[in-house]
1. Report, by residue number, each residue of segment 148-169 that is loosely packed, with under 12 Cβ neighbours inside 10 Å, of a type outside the set (Gly, Ala, Ser), more than 20 Å from the chain's Cα centre (by Cα) and not in a helix (DSSP H, G or I).
2. Any chance segment 23-37 includes a residue that's surrounded by 11 or more Cβ atoms within 10 Å (Cβ to Cβ) and under 30 Å from Ala147 (Cβ atoms)?
3. Any residue in segment 129-147 that is in a loop (DSSP other than H, G, I, E, B) and exposed (fewer than 12 other Cβ atoms within 10 Å of the Cβ)?
4. So how many residues does segment 53-76 have that are surrounded by fewer than 15 Cβ atoms within 10 Å (Cβ to Cβ), in a loop (DSSP other than H, G, I, E, B) and in contact with a helix residue (DSSP H, G or I) (Cβ under 9 Å, 6 or more places away or on another chain)?
Amino acid sequence: MLNDLTSALRPAVVLTLLFALLLGLAYPAALTGAGQLLFPHQANGSLIRENGRIIGSELLGQRFAEARYFHGRPSAAGSEGYDAAASSGSNLGPNAQALITRVKADIAANPGVSGEPIPADMVTASASGLDPHISPATALAQIDRVAAARGLKRETVEALVSDHIETPLFGLLGEDRVNVLALNRALDRDGRRP
């Protein structure tokens, strides 16, 4: 009877160990190696470095509150927003007073949007709260504020926004978008600071 039990358990134990090694070690190691070899920038988080220091990632939004910077989508991730450890949406309904108050403040902070349709991503949080992109319409709606804060002509800032519009992948996947961190870095590099 013991031999029957042993012969019945042996294949199960061997297959469990084999698949644990294969799927727990070999497969992840192969994918990590392929990622590092073929796409090292992306495999390491698409980090952006400046003067040897990591200043952000192309894939994660950051908080920009100063008037001289373009602002990303509102974030409910963490108490101050843009906390990757607390990634989440706001879950506020359209009648929530907190949402209405925040939307009114966002609109008031951007004089270029009074009396015209407001881009949805300018006043609504993404599902993760960490979206690094805004629509070109949202970037254009912020031009007056950014240009005034930096003492630049509207056309200069508008040209910079236009230069930073990313098109859909293969012309099909996604929508036109602007990476807020890349745009703000270009402003610091090319535009005057107050």
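No value in this document is a laboratory result; all are computed from the given coordinates. Since we're looking at a predicted model, the values are computed, not measured. With ideal geometry, Cβ positions are generated from the backbone for all residues, glycine too; neighbour counts draw on all protein chains shown.
1. Answer for segment 148-169, where residues must be loosely packed, with under 12 Cβ neighbours inside 10 Å, of a type outside the set (Gly, Ala, Ser), more than 20 Å from the chain's Cα centre (by Cα) and not in a helix (DSSP H, G or I): just Lys153.
2. No, the conditions are met nowhere in segment 23-37.
3. Of all residues in segment 129-147, those in a loop (DSSP other than H, G, I, E, B) come to 129-132, 135, 142.
Going one step further and asking which of them are exposed (fewer than 12 other Cβ atoms within 10 Å of the Cβ), we end up with none.
No, the conditions are met nowhere in segment 129-147.
4. Qualifying residue count, segment 53-76: 1.
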